[in-house]
Amino acid sequence: MTLTDSEMEYIRKMLKRDPNELEEGMLDVMFSEHCSYKSSRPILDLFPTEGKNIIMGPGDDAGIVAITNKLALAVGIESHNHPSAIEPYGGAGTGIGGILRDIISMGAMPIALLDSLRFGPVEDQKSRYLFEHVVKGISDYGNRVGVPTVGGEVEFDESFRTNPLVNVMCAGLVEKDKIVKGIAPNVGDVFLLMGGLTGRDGIHGVTFASEELTSDSEIEDRPAVQIGDPFTKKKVLEASLEILEKIDVAGVKDLGGGGLTCCISELVEKCDNGALIDLNSILLREKGMTPYEIMLSESQERMVFVINPKYVNEAFAICDKYELPRAIIGTVTDTKLMVVEDTYNKDENGNNDIIASMPAVLLADPPSLNREIKAPENKKESIKVENPPIEESILKILSSPNIATKKWVYKQYDHEVQIRTVVKPGDDAAVLKVDDENAVVLSCDCNSIHTKLSPYNGGAGSVAEAIRNVVSMGAEPYAVVDCLNFGNPGNPGILWQFKQCIQGMSDLAEKFETPVISGNVSFYNETEGIKINPSPTVGVVGVANLNNVRTMDFKNEGDKIVIIGSTYDEIDGSEYHRTLHDLEQGEAPKIRIDEEISSSKAILKLLNNDHGEFNSENNKITAIHDCSAGGIAISLAEMSISSNIGAEIDLTNIPISENVAAENNDKDCINDNDLLFSESHGRYIITVKPEQLDKLLNDINVPCACIGEVKGNVLKLTGKETDIKIKVSDLKNAYTGVIEEFMA
Amino acid sequence: MKIGVIRFPGSNCDRDVYHTIELAGGEAEYIWWNKDDFSYLDAVVIPGGFSYGDYLRAGAIASITPVVEGIKSLVKEEKPVLGICNGAQILGEIGLVPGIFTVNENPKFNCEWVDLKVTNNSTPFTSNFKKNEIIKMPVAHAEGRYFVEDIDTLKSQDQIVLQFEGKIPNGSLEAITGVCDESGLVCAVMPHPERASEEILGSSDGLNFFKGIVNSI
């Protein structure tokens, strides 16, 4: 039990009695951090949640954004960190299962999955075990249900050694007039529970997710991990879509954390109604389950449809077609109470035994906690480093598992099913066509080092990076989803980190007009004092005209290379520091919201003026790539590697912030090393046809400059103290086969 | 003129194949696994996916469902039958094409674009290609390694339809990844032609398979 004394006091006051054992279990689950967001809710209120394209913000299973006149996209993101730490294969698989159900619950057909994964160093055997089985769990589950896994990210860092992070984002298509919600508005409607059977797995999964892991968790908490069944999930998906198509349902909700207790109480509480549940009508997987186990089970692949009784036969027929268990388990009432009755046992008057009866609002809306927030003491380290030769640094960063190609991962995912995948994994973001003209563009990013060094800038920067990735594919960003992975919120320093991070994310999302429409909070990611680097995973949804989509690879020798946005002296927190010097120190790069917006607007304007076509030889803008981890050096290298073409770059042309130059009274104040590896925000690298260059530079009103030309089979960098050449084949060798070498 | 798309619980390329048949100018209709008579159809495609979760062995459970009788009747009537990926595994399990598609040399699921050689262009599905033409399509499977005992007969009867060109991603015998029966009317391919039927997806080579069916009817 995790209920605190003051929570018990509150419960007694509301009930005017002590809860019985079953009720206490139900309340325990609903008051858990995972279900109630009790520590985070007051802070999450900072997020902007409304905007011009937003159909539904946070509050239901997923957010919904309008993408064309006819179509909307339901988007959600979830963490499955604790289960994956204990049982990586099942934990990751059921993470996929959970987010798929959330999307189906909105009436949408899931069309894309993205995974953001974080592990300890790949050199560590346990971390490799977790990595291998998490990827296999995602692969076996996602592939079987026929939803393409089209993107994501993988990070390896010491801080995730005992607490890996598994975040899964899903997007689904729905026609605007076919959206359904998690509500039970009509008294007399019935609850249809269908899909998987209710078993003993996953009991107290959410309470387990709301505590720190310990060294015994792997043994003790295994029963809290659910068992996934992708084949049943696929049938649930098909049957759900068929029910939604044929029957006028009042509401839909999936069973996730908190099982039936959470699902039913939230459905009715939204409409100020009550529920009467017949415990004995629930179809069970095993004999002898107690009411406590039944009401708290988090068995997978279950959905509840709220329907008028006249549709029951039709709904049953659809479930039977897919050979899925189904039952009517109760009715919507006007009592505002969540009541569970045992029809097999009668009281002295011959009435059904009421085994739980509580106000639905007590379950669905527990009070927030006002926890202490305090900035930790600030001890910024500043170790001076010796810069190795730039050539050596570039090759080492390219061959670090954090930067090297993730082909080993995405080859295991079916990223083509549903025939929408226009841009394949490995580019900045996934591009999925939704009709003959439009594509949705999805990215999923996080910079955990930046967030550790400066939660405000790291949080805002993670949103900025995800937006840049979407813009790089030619899309206008529409909305943000977030999965916030932090340590124990009982620690005032952790909650300070959390609040700073949310503030940064909110400021950026607000100015960019990309509301935060759905999210998830995962606290307690620490084990026996070892805390993760705070990781705000950010998913961004963008919409592009297919004609505006550009990939990152160089296209033609002779094209001019242009950088958009200023570079600052911001080497701290960089991939260069982590890989070359094993350092995570100093200040994270600053977020400069106005510059970030101007750079993105410039890219989109250039594309609109291009009047081009995807992959057409007539395009004036031929390639786009953002600058993030690894800085300009790694962005250029990636453009070369993906095309097998080299480039000649003059570093002295790179625009440096006027402020930096003025402060130092010297426009050459950044050395070439820091110029190449700084991870300043707001920057893109593009290539253009040479005859278009002058017009293009005149057209956009942001710091930009031509820094070179696409040419040959060598990446040549010339600067005031630099003159190096690296063969594209050497770049490629460094970048490929890295993860394969560890994983076989 | 109608082409059936067979659906099992766990099929997941059914909608894609349906869409592509229409793109090729055909008319498509879904056929649920419990139907055993659909002789009004002019051809059927068994799409990819994980029929019955691929539990036991890919295609094993699907191969003993009622729909197989209907498929065999179409074969007797000399109507074209195409199995793609899981559909190819099912045709192997039924025994309508020689050989089997088993666990990849590296047993992990593998999704990537590959180059392929059209070894036999005399089937309805490949009639729009030149013999030995190199085409591009994606594969996506964990059980696609082709094996057959009697490779000589396969060769002498011109039953090899598609072979990997260059890299062999799954360890298939002689790079074989598409085979047909003696008539050439029943064809099993591991790569996904429906995923390579629009230029914007990476290639439109695959559309020829469906145009081939439509034109042959």
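The values are calculated or read from the model by the stated rules, or taken from the named source; none is laboratory data. Since the structure is predicted, the reported quantities are computational estimates derived from the model, not experimental observations. Ideal geometry is used to build each Cβ from the backbone, glycine not excepted, and the neighbour counts take in all protein chains shown. The protein model used for the area step is the full one, side chains on, heavy atoms only, and it has no ligands, DNA or RNA in it. Shrake-Rupley method; radii C 1.70, N 1.55, O 1.52, S 1.80 Å.
Within 10 Å of the Cβ of each residue in A:176-184, the mean number of Cβ atoms contributed by other protein chains is 0. Rounded is the label for segment B:2-216, because a/c, from the alpha-carbon gyration tensor with a ≥ b ≥ c as root eigenvalues, stays below 1.5. Across the options A:ASN345, A:ALA315, A:LEU284, the greatest Cα extent toward the positive end of the charge dipole of segment A:268-375 (unit charges at beta carbon of Lys, Arg, Asp, Glu) belongs to A:ALA315.
Heavy atoms of the protein chains alone define the surface here; on that basis chain B has 36 Å² accessible area per residue at 1.4 Å probe size.
The separation of segment A:323-359 from segment A:478-547, counted between C-alpha centres, amounts to 40 Å.
With a sphere of radius 14 Å drawn around the Cβ of A:CYS271, what net charge do the other residues whose Cβ falls strictly inside it have (Lys, Arg +1; Asp, Glu -1)? Kindly include the intermediate steps, with their values, before the conclusion.
Working: positive: A:LYS181, A:LYS253, A:LYS270, A:LYS336; negative: A:ASP60, A:ASP189, A:GLU266, A:GLU269, A:ASP272, A:ASP334, A:ASP365.
Local net charge: -3.
Loop sites only, by DSSP: take the GluC sites (Glu not before Pro) in chain A that have at most 12 other C-beta atoms within 10 Å and name the longest stretch containing none of them. Answer from the scan: A:124-285.
Stretching the chain fully between B:MET1 and B:ASN132 yields a gain of 44.1 nm (0.36 nm per residue, less the alpha carbon separation). Across chain A, C-alpha contacts under 8 Å between residues 6 or more apart give a mean separation that, scaled by the residue count, equals a relative contact order of 15 percent. Take the residue pairs A:LYS181/A:LYS433; B:LYS131/B:LYS155; A:LYS136/A:LYS406; A:LYS384/A:LYS727; A:LYS555/A:LYS732 and return only those whose Cα atoms are more than 21 Å apart. Flagged as over cut-off: A:LYS181/A:LYS433; A:LYS384/A:LYS727. A:ASP436 label point, 7 Å along Cα→Cβ, cut-off 16 Å on backbone N: hits in segment A:599-628? Within reach of a label on A:ASP436, which here means backbone N under 16 Å from a point 7 Å along Cα→Cβ, segment A:599-628 contributes A:614. Neighbouring Cβ atoms from other chains, within 10 Å of the Cβ of residues in A:415-427, number 6 on average. Here chain A is treated as a Stokes sphere of Kirkwood radius computed over C-alpha pairs; at 4 °C and 1.567 mPa s its diffusion coefficient rounds to 49 µm²/s.
Assuming a ≥ b ≥ c are the square roots of the Cα gyration tensor eigenvalues, decide whether segment B:124-203 counts as rounded (a/c under 1.5), prolate (otherwise, with a/b larger than b/c) or oblate. Working shown, then result.
Numbers: a/c = 1.92, a/b = 1.32, b/c = 1.46.
Verdict is oblate for segment B:124-203.
Residues of segment A:334-349 with an amide N closer than 18 Å to a point placed 7 Å from the Cα of A:ARG17 along the Cα-to-Cβ direction: A:335-343, A:345-349.
From the C-alpha gyration tensor of segment A:550-744, pull out the three semi-axes of the equivalent ellipsoid (sqrt of 5λ each), sorted largest to smallest, in whole Å.
Those come to 25, 23, 16 Å.
Label-to-label distance, A:LYS695 versus A:THR4, with points set 7 angstrom from Cα along the beta-carbon direction: 6.4 nm. Loop only by DSSP, 15 or fewer other Cβ within 10 Å of the Cβ. Give me the trypsin sites (Lys or Arg not before Pro) in segment B:1-71 that pass, ordered by residue number. Taking segment B:1-71 and a limit of 15 other Cβ atoms within 10 Å, the loop trypsin sites (Lys or Arg not before Pro) found are B:LYS2, B:ARG57. Chain B against chain A buries an accessible area of about 2700 Å², both chains summed, 1.4 Å probe radius.
With the simple spin-label model, which puts each label point 7 Å out from Cα in the Cβ direction, the B:TRP113 to A:ASN609 separation comes to 3.1 nm.
At 222 nm, what helix-only mean residue ellipticity would chain B give, in deg cm²/dmol to the nearest 500, using -39500 (n - 2.57) for each DSSP H run of four or more?
Value at 222 nm, helices only: -6000 deg cm²/dmol.
The residue list B:PRO66, B:GLY184, B:GLY212 was ranked by how far each Cα lies along the charge dipole of segment B:2-216 toward its positive end, using unit charges on Cβ atoms, and B:GLY212 comes out on top. Applying both filters, DSSP loop and at most 13 other Cβ atoms within 10 Å, to the trypsin sites (Lys or Arg not before Pro) of segment B:90-181 gives B:LYS130, B:LYS131, B:LYS167. Loop-located trypsin sites (Lys or Arg not before Pro) in segment A:29-91 (DSSP state other than H, G, I, E, B) with a sparse environment of at most 16 neighbouring Cβ atoms within 10 Å: A:LYS52, A:LYS70. Measuring between alpha carbons in the structure, the pairs from A:LYS620/A:LYS711; A:LYS176/B:LYS35; B:LYS130/B:LYS211; A:LYS499/A:LYS590; B:LYS2/B:LYS211; A:LYS531/B:LYS108 lying more than 24 angstrom apart are A:LYS176/B:LYS35; A:LYS531/B:LYS108.
Electrostatic bookkeeping for B:ILE21 treats Lys and Arg as +1 and Asp and Glu as -1; over the other residues with beta carbon under 12 Å from its beta carbon, the sum is -4. From its DSSP helices (H runs of at least four residues, each -39,500 (n - 2.57)), chain A gives a residue-normalised ellipticity at 222 nm of -10000 deg cm²/dmol.
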